[in-house]
1. Report whether or not residue 142 is more than 13 Å from residue 222 (Cβ to Cβ), of a type in the set (Phe, Trp, Tyr) and assigned to a helix (DSSP H, G or I).
2. Just need a number here: residues in the stretch 313-331 that are in a loop (DSSP other than H, G, I, E, B) and either surrounded by fewer than 17 Cβ atoms within 10 Å (Cβ to Cβ) or out of contact with any helix residue (DSSP H, G or I) (no Cβ under 8 Å at 6 or more places or on another chain) (or both).
3. Quick check on this structure: which one of 119, 113, 108 is under 30 Å from residue 281 (Cα atoms), modelled with pLDDT under 95, surrounded by fewer than 18 Cβ atoms within 10 Å (Cβ to Cβ) and touching a helix residue (DSSP H, G or I) at 6+ places or on another chain (Cβ under 9 Å)?
4. Could you say which residue among 242, 215, 266 is at positive phi and crowded, with 21+ Cβ neighbours inside 10 Å?
5. Checking residue 55 against (1) under 30 Å from residue 239 (Cβ atoms); (2) at pLDDT below 95: exactly one of these is not met. Which one?
6. Taking the stretch 278-312, which residues are buried (at least 24 other Cβ atoms within 10 Å of the Cβ), touching a Ser or Thr at 6+ places or on another chain (Cβ under 8 Å) and assigned to a helix (DSSP H, G or I)?
7. Checking residue 164 against (1) in a strand (DSSP E or B); (2) within 30 Å of residue 131 (Cα to Cα); (3) out of contact with any Pro (no Cβ under 9 Å at 6 or more places or on another chain), only one condition comes out false. Which one?
Amino acid sequence: MSTHAFSGQFTSESVGSGHPDKVADLISDTLLDAYLAQDPNAHVAIETLVKDGTVVVAGEVTSTTTVDTDALVRRTIDAIGYNDPENPFNADNIKVINLIGQQSPDIAQGVGAGLDQGAGDQGLVFGFACKDTPTLLPLPIYLAHAITRTLEKHRRSGLVDWLRPDAKSQVTVLYLRGIPVEVTDVVVSTQHAKGYDQNLLKDWVHTVLLPEALGPWHRTGIKTFINPTGVFDIGGPAGDCGVTGRKIIVDTYGGYARHGGGAFSGKDPSKVDRSAAYFARWVARQIVLRGLATTAEVQIAYAIGVARPVAWHVDTRGTGDDALCAQYAAQFDGRPGAIIQQFDLRRPLYARTTNYGHFGKSDLPWEQ
């Protein structure tokens with residue numbers, strides 16, 4: 001898709017912190033942070049599966065420290081809001097199965113350490129930036145996150161006591177020659193207290209949630225679908241299985257840019273799936289901020305055990321000189337060790353990346 005001349009609709013989705021896949025992501029990232037807080041050089045790759053009353057954590061860790069996995073899992077679930085004893089998935093009554101083992105010594109030896117440490121695996125990553133929004137994110141994902149984030153704000157305030165943790169949103173934007181002109185369709189599905197009146201819920205979404213979340217993009221005439229299947233009182237892992245890494249499009253650009261395929265959550269920064277994707281986003285932002293293009297998609301490719309990227313590619317979608325932008329991008333140091341040093345990534349900052357996208361948050365170093 002070339003946004004330079006693109007006219008038509010584009011849709012992105014977001015999910016709330018209580019969505020089962022996001023519960024899994026947050027457990028993985030919270031465990032990662034716990035290791036890095038005590039051992040900044042820990043090598044961590046943790047996957048989580050949640051369903052009904054069971055949490056399975058599995059993966060590989062090489063570290064000088066240990067963490068209380070059971071306690072951290074329960075604390076994370078409680079913090080999300082799953083603490084109702086009537087819900088089969090609640091912090092007090094879950095069973096935690098720990099299948100975390102040691103990282104392969106072959107991988108550890110091949111990666112090494114320091115500025116010239118090799119990439120933890122082969123792979124390719126994409127970073128993206130455009131002028132749709134102040135955060136340089138595409139408008140559809142920006143607004144979809146705004147809806148789910150606003151839902152969580154009202155739930156945690158306690159003033160809307162019927163809201164529950166699980167939620168999804170979807171926003172469709174009409175573009176004219178690459179410029180967003182209006183929101184045409186919105187889908188909101190939010191978990192609620194048992195027996196809550198759907199008409200009252202829909203009225204609240206129309207009169208409170210959407211005007212606040214969409215801001216200047218709100219208007220009469222938007223086609224809305226609110227809890228379109230009806231009652232949504234069974235949510236989270238009690239209603240669906242959740243697994244780390246299944247929301248990679250929600251985590252990035254809502255499908256508006258390409259994706260290398262690697263998930264983020266639960267991985268320490270030696271994994272270029274995560275750290276290099278953050279770096280590629282930073283490079284794309286520099287291209288746009290410096291006026292070289294109004295849209296930039298940056299691809300970086302790596303080989304396992306090799307420090308320097310094996311290839312760079314920049315697509316400005318007709319808004320700049322691709323070759324010049326690729327030359328500009330390649331001047332930055334894309335070695336994993338240099339990325340870790342540039343953004344100070346061996347610290348516990350990952351749990352705050354988990355929800356509502358890994359980009360567009362001003363407190364994150366790759367957004368500065």
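The values are calculated or read from the model by the stated rules, or taken from the named source; none is laboratory data. From a predicted model like this one, the values you see are computed outputs, not experimental measurements. Note that we place each Cβ from the backbone using ideal geometry, even for glycine, and neighbour counts take in every protein chain shown.
1. Spelling it out, residue 142 is indeed more than 13 Å from residue 222 (Cβ to Cβ), of a type in the set (Phe, Trp, Tyr) and assigned to a helix (DSSP H, G or I).
2. The first filter runs over the stretch 313-331 and keeps only residues in a loop (DSSP other than H, G, I, E, B), leaving 316-321, 331.
Among the residues that remain, those that are also either surrounded by fewer than 17 Cβ atoms within 10 Å (Cβ to Cβ) or out of contact with any helix residue (DSSP H, G or I) (no Cβ under 8 Å at 6 or more places or on another chain) (or both) are: 317-319, 321, 331.
Looking only at that region, the number is 5.
3. Values: 119 fails: surrounded by fewer than 18 Cβ atoms within 10 Å (Cβ to Cβ); 108 fails: touching a helix residue (DSSP H, G or I) at 6+ places or on another chain (Cβ under 9 Å).
Exactly one of 119, 113, 108 is under 30 Å from residue 281 (Cα atoms), modelled with pLDDT under 95, surrounded by fewer than 18 Cβ atoms within 10 Å (Cβ to Cβ) and touching a helix residue (DSSP H, G or I) at 6+ places or on another chain (Cβ under 9 Å), namely 113.
4. It is 266.
5. (2)
6. Hit for the stretch 278-312 is 287, nothing else.
7. Unmet condition: (2).
This table checks each residue for (1) of a type in the set (Gly, Ala, Ser); (2) outside any helix (DSSP H, G or I); (3) modelled with pLDDT under 95.
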residue	(1), (2), (3)
237	no, no, no
246	no, yes, no
250	no, no, no
255	yes, yes, no
270	yes, yes, yes
276	yes, no, no
